[in-house]
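Peer 1: My questions will all concern the structure given below.
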Amino acid sequence: MIQKLLERGGDLVERADVCVIGSGGGGAVVAALLAEAGLDVVVLEQGHFWTSRDFDQRENEMMPRLFEEAGMRLTSDGSITILQGRNVGGSTVHNLCYAFRAPTPILDLWRRDHGLDSISEASLKASFDRVEKSLKVKPIREDEVNELNRRIRSGAEKLGYSGFVTKHNREGCVRSGYCILGCSYDAKQSMLVTYVPRAEAAGARIYANARAERIETLAGRAAGVSGRVVDHSGRPLGHVSVRAPVVVLAAGAINSPDLWLRSDLPNTSRQAGRNLHLHPSVMVAGFFGEPIDAYRGIPQSYYVDEFIDLAKDPHSGYVLMPIVGFPVLTASSLPGFGKRHSRWMRDYARLGGLLVLLHDRSAGSVAPGSAPGRPAISYTLEPGDATLLADGLARSAEVLFAGGAERCLVPFVPDGLEIGPDDDLSVVTGRGVSQGGILIASTHPQSTLRMGGDPASSVVNDFGESHEVPGLFVADMSVFPTSLGAPPQITTAALADRTAHHIVSRSAELVPKRSS
Ligand SMILES: Cc1cc2nc3c(=O)[nH]c(=O)nc-3n(C[C@H](O)[C@H](O)[C@H](O)COP(=O)(O)OP(=O)(O)OC[C@H]3O[C@@H](n4cnc5c(N)ncnc54)[C@H](O)[C@@H]3O)c2cc1C
Ligand code: SF4
């Protein structure tokens with residue numbers, strides 16, 4: 001059963017074996033597997049239950065409807081935009097379907113430096129296999145690579161840069177290009193059409209418009225969740241109360257630590273809310289000689305990995321990913337206004353971008369903000385990371401030119417920097433990347449309730465269970481001990497799969513028989 005509390009009205013009072021908070025990349029997997037194992041599961045999801053029938057491909061309607069803080073979530077200094085889904089299915093409803101397993105050197109790093117003895121490529125293989133099967137992960141076919149991605153591949157190959165066409169989780173894709181706004185064709189294998197229906201079929205009760213605001217404990221153990229029924233803008237209406245001996249926190253790496261800290265849960269290591277990594281990204285726009293209609297077709301299929309070598313240095317590097325925005329998003333991503341801005345927008349059909357996505361050492365924090373669901377997010381780029389991003393901007397322009405772009409625009413604020421193929425790219429690195437000096441975005445916040453073997457330096461153990469609150473698990477991107485350095489959805493789901501199997505194996509102990 002999936003129920004929209006906004007339409008039903010009233011309060012929600014429930015009792016279950018397990019209460020899962022959040023129905024996205026981690027929460028939906030746990031909910032489905034626990035329900036299929038026979039546990040009585042309630043899912044609380046703050047967002048609404050929208051389906052393919054509601055996704056109308058209009059960004060002015062979809063962005064406020066489907067994204068956290070209407071797509072305007074920012075770090076406290078206003079310098080970094082953080083995009084996260086706020087709906088049944090979470091951010092997987094909006095992601096671009098790059099499907100990668102966690103890089104082996106990163107898993108080795110986690111095992112070696114974070115005391116995660118049971119984490120390895122081999123120990124996670126079964127979880128990765130199950131998740132990839134459920135999400136129908138497969139290589140992107142040659143005929144599915146769109147014009148922008150073809151041009152970027154051609155540019156990278158001319159320069160001798162390493163890159164490849166990736167795998168994705170789409171089935172029957174009609175190549176509309178609207179992935180970020182939700183797939184109107186149910187082709188994207190997001191949680192909305194995979195694990196959420198499985199959870200529902202296995203008897204989980206999934207409540208949309210139910211915002212968790214406090215994790216309850218009794219005698220030091222997890223005991224349930226309280227919160228509010230909320231409308232589309234987050235305005236509180238009725239009350240929510242769920243009693244459950246197992247609570248799985250999967251509200252994403254910004255809201256999960258916010259909820260943890262608001263609930264006054266033990267935090268002896270003082271790590272809850274810290275170590276925030278963002279995979280921050282900056283972009284360069286390229287204008288080609290003829291229309292390439294980059295917004296049509298699969299948005300991202302090629303991936304340039306020349307500038308990251310995790311086996312050599314598991315702590316840093318960056319990748320380049322093709323990117324294109326819809327008209328409003330593009331207009332707001334290009335700097336300035338007036339005639340110059342209008343000239344760029346008139347060239348929309350000839351425009352295609354390249355995104356520099358950083359495997360960041362820089363670490364920020366999340367703290368409770370002015371109201372539930374409005375956390376205060378801090379993040380400062382370390383100088384070395386800023387240099388890498390600036391280098392990535394220059395390399396992006398180089399690849400776009402080699403792929404046939406006639407002009408590139410680096411969206412420095414406020415005026416933007418236009419360059420041609422013969423310009424010296426040191427003009428880009430010389431200007432550098434600073435917060436507030438260029439648009440910086442994140443779609444991969446992570447690591448704020450990190451896993452680790454040592455309770456003095458981590459929040460949860462290798463199966464996602466709190467070191468200090470028995471029965472409380474975390475199953476979202478918060479648990480990554482470091483930045484992942486690769487697209488995270490498959491790793492998030494695989495770790496959630498592992499946590500779910502662990503809970504099932506301990507269910508006799510974790511879920512005492514109910515007396516009434
Ligand atoms: C635009 C975009 C593009 C992306 N592209 C890719 C890609 O190509 N490949 C890739 O691997 N990854 C990609 N990602 C990242 C991927 O989607 C995430 O790794 C994954 O969704 C993370 O899962 P999660 O469970 O941590 O969080 P989410 O999927 O965000 O789920 C969290 C859920 O919790 C809910 N929630 C939050 N607070 C509360 C509360 N208090 N009470 C109840 N519910 C709450 C939210 O509404 C949300 O539904 C992309 C993300 C975005 C936004
Ligand atoms: S490109 Fe494919 S997966 Fe993306 S919205 Fe269109 S049909 Fe769906």
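Every number here is computed from the coordinates shown, using simple stated rules; none is lab data. Model, not experiment: these values are computed from the prediction. In this analysis, Cβ positions are derived from the backbone assuming ideal geometry, glycine residues included, and neighbour counts consider all displayed protein chains.
Peer 1: Given a cut-off of under 8 Å on Cα pairs at least six residues apart, what relative contact order in percent is computed for the stretch 3-97?
Peer 2: Computed over the stretch 3-97, the figure is 27 percent.
Peer 1: May I pose another question? Work through the residues other than Ala35 whose Cβ is under 10 Å from its Cβ and net out their charges, Lys, Arg +1 and Asp, Glu -1.
Peer 2: -2
Peer 1: Taking the chain as the reference, fit the longest principal axis to its C-alpha atoms, fit the long axis of helix 27-36 to the helix C-alpha atoms, and give the angle between the two in degrees, 0 to 90, nearest 10.
Peer 2: 40
Peer 1: Rounded to the nearest 0.05, what FRET efficiency is calculated for Ser434 and Ala456 with R0 set to 41 Å and r the Cβ-Cβ distance?
Peer 2: With R0 = 41 Å, the Cβ-Cβ based efficiency is 0.75.
Peer 1: Further, regarding this structure: Per DSSP H run of n ≥ 4, the term is -39500 (n - 2.57); total these for the chain, divide by its residue number, and report the mean residue ellipticity at 222 nm rounded to 500 deg cm²/dmol.
Peer 2: -8000 deg cm²/dmol
Peer 1: Right, another one. Hey, can you grab everything whose amide H is under 5 Å from the amide H of His48? Only 5+ residues off in sequence or another chain; H modelled, so Pro and N-termini drop out.
Peer 2: Amide H neighbours of His48: Val88, Asn209.
Peer 1: Any chance you could check the Cα centroid distance between the stretch 305-337 and the stretch 472-491 for me, in angstrom?
Peer 2: Using only Cα atoms, the two centres lie 20 Å from each other.
Peer 1: Same structure, new question: Over the residues of the stretch 1-156, compute the C-alpha Rg and express it relative to 2.2 N^0.38 Å.
Peer 2: 1.30
Peer 1: Between Thr380 and Val504, what is the label-to-label distance in nm when each label sits 7 Å out along the Cα-to-Cβ direction?
Peer 2: If labels sit at Thr380 and Val504, their model points lie 4.6 nm apart.
Peer 1: Please state the relative contact order of the chain as a whole percent: Cα pairs under 8 Å, 6+ residues apart?
Peer 2: Relative contact order of the chain: 24 percent.
Peer 1: When you count, for each residue, the other Cβ atoms within 10 Å and take the mean per peptide, how do 91-101, 126-136 rank with the highest first?
Peer 2: Result, highest mean first: 91-101, 126-136.
Peer 1: Sticking with this structure for a sec: Work from the charge dipole of the chain (Cβ charges, +1 for Lys and Arg, -1 for Asp and Glu, about the Cα centre) and give the residue of Phe287, Pro266, Leu439 farthest towards its positive end.
Peer 2: Pro266
Peer 1: Packing-wise, with mean Cβ within 10 Å as the measure, how do 56-63, 299-306, 225-232 rank, highest first?
Peer 2: Top to bottom by mean Cβ count within 10 Å: 299-306, 225-232, 56-63.
Peer 1: Still on this structure, please answer the following. As I understand it, the value is the acute angle between the Cα axis of helix 104-113 and the longest principal axis of the Cα atoms of the chain; what does it come to in degrees, rounded to 10?
Peer 2: Relative to the chain, helix 104-113 is tipped by roughly 50 degrees.
Peer 1: Turning to a different aspect of this structure: Within a 10 angstrom radius of the beta carbon, how do Ile490, Ile21 rank from fewest other beta carbons to most?
Peer 2: Result, fewest neighbours first: Ile490, Ile21.
Peer 1: Counting alpha carbon pairs within less than 8 Å and at least 6 residues apart, what relative contact order, in whole percent, applies to the stretch 71-208?
Peer 2: Result for the stretch 71-208 is 30 percent.
Peer 1: For the stretch 481-494, just list the computed ³J(HN,Hα) in residue order, Karplus coefficients 6.51, -1.76 and 1.60, θ = phi - 60°, integers in Hz, with x standing in for Gly and Pro.
Peer 2: x, 9, 4, 7, x, 7, x, x, 4, 6, 5, 4, 5, 5
Peer 1: Another question, if that's okay. R0 = 51 Å: FRET efficiency of Asp231 with Ser154, Cβ-based, nearest 0.05?
Peer 2: In this case the efficiency is close to 0.60.
Peer 1: Additional query: Please give the Cα centre distance for the stretch 1-49 versus the stretch 207-275, rounded to the nearest Å.
Peer 2: 13
Peer 1: Let me ask something else. Which ³J(HN,Hα) values, rounded to whole Hz and listed in residue order, are derived for the stretch 262-279 from phi using the Karplus coefficients 6.51, -1.76 and 1.60 in 6.51 cos²θ - 1.76 cosθ + 1.60 with θ = phi - 60°, glycine and proline given as x?
Peer 2: Each residue of the stretch 262-279 in turn: 5, 7, 6, 6, x, 8, 4, 6, 6, 9, 4, x, 9, 6, 5, 10, 10, 6 Hz.
Peer 1: If you don't mind, another one. With N residues in the stretch 280-423, what two-decimal value do you get for its Cα radius of gyration over 2.2 N^0.38 Å?
Peer 2: Rg over 2.2 N^0.38 Å, computed on Cα atoms: 1.15.
Peer 1: At 10 °C and a viscosity of 1.306 mPa s, what translational diffusion coefficient does Stokes-Einstein give for the chain, taking Rh as the Kirkwood radius over Cα pairs? Give it in µm²/s as a whole number.
Peer 2: My calculation gives 69 µm²/s for D.
Peer 1: Now a separate question. Once fully extended, how much extra length lies between Asp11 and Thr387, figured as 0.36 nm per residue of separation less the alpha-carbon to alpha-carbon distance?
Peer 2: Additional length available on full extension: 130.2 nm.
Peer 1: Oh, and also: Ratio to report: Rg/Rh of the stretch 21-74, with Cα atoms as the point set and Rh obtained by the Kirkwood method; give two decimals.
Peer 2: Using only Cα positions, Rg/Rh for the stretch 21-74 is 1.09.
Peer 1: Taking the Cβ of Gly160 as the centre, find all other residues whose Cβ is under 14 Å away and add up their charges (Lys, Arg: +1; Asp, Glu: -1).
Peer 2: -1
Peer 1: Here is a follow-up. Would you mind giving the three semi-axes, in whole Å and largest first, of the ellipsoid equivalent to the stretch 245-358 according to its Cα gyration tensor?
Peer 2: Output for the stretch 245-358: semi-axes of 38, 20, 14 Å.
Peer 1: Right, here's the next one. Please go through the stretch 163-219 and write out the trypsin sites (Lys or Arg not before Pro) that DSSP classes as loop and that have at most 16 other C-beta atoms within 10 Å.
Peer 2: Counting only loop positions with at most 16 other Cβ atoms within 10 Å, the trypsin sites (Lys or Arg not before Pro) in the stretch 163-219 are Arg175.
Peer 1: Please say if the stretch 97-228 is rounded, prolate or oblate, where rounded means a/c under 1.5 for a ≥ b ≥ c the square roots of the C-alpha gyration tensor eigenvalues, and otherwise the choice is prolate for a/b larger than b/c and oblate otherwise?
Peer 2: Oblate.
Peer 1: Residue by residue through the stretch 412-428, which ³J(HN,Hα) values in whole Hz follow from phi under the Karplus form 6.51 cos²θ - 1.76 cosθ + 1.60 (θ = phi - 60°), with glycine and proline marked x?
Peer 2: 4, 9, x, 9, x, 10, 9, 9, x, x, 9, 6, 6, 6, 5, 5, 7
Peer 1: Reachable lysines from Lys138, Cα under 18 Å, same-chain residues fewer than 8 places away excluded?
Peer 2: Of all the lysines, those that pass the test against Lys138 - Cα under 18 Å, at least 8 places apart if same chain - are Lys125, Lys167, Lys188.
Peer 1: Around Glu406, which amide H atoms from residues at least 5 apart in sequence, or from another chain, sit under 5 Å from its own amide H, with H modelled in the peptide plane?
Peer 2: Under 5 Å from the amide H of Glu406: Phe287, Phe288, Gly289.
Peer 1: Still on this structure, please answer the following. Give the distance, in whole Å, between the Cα centre of the stretch 101-140 and the Cα centre of the stretch 144-181.
Peer 2: 24
Peer 1: So for each of 156-164, 341-349, 245-253, 460-468 I average, over its residues, the number of other beta carbons within 10 Å; can you give me the resulting order with the highest mean first?
Peer 2: 245-253, 460-468, 156-164, 341-349
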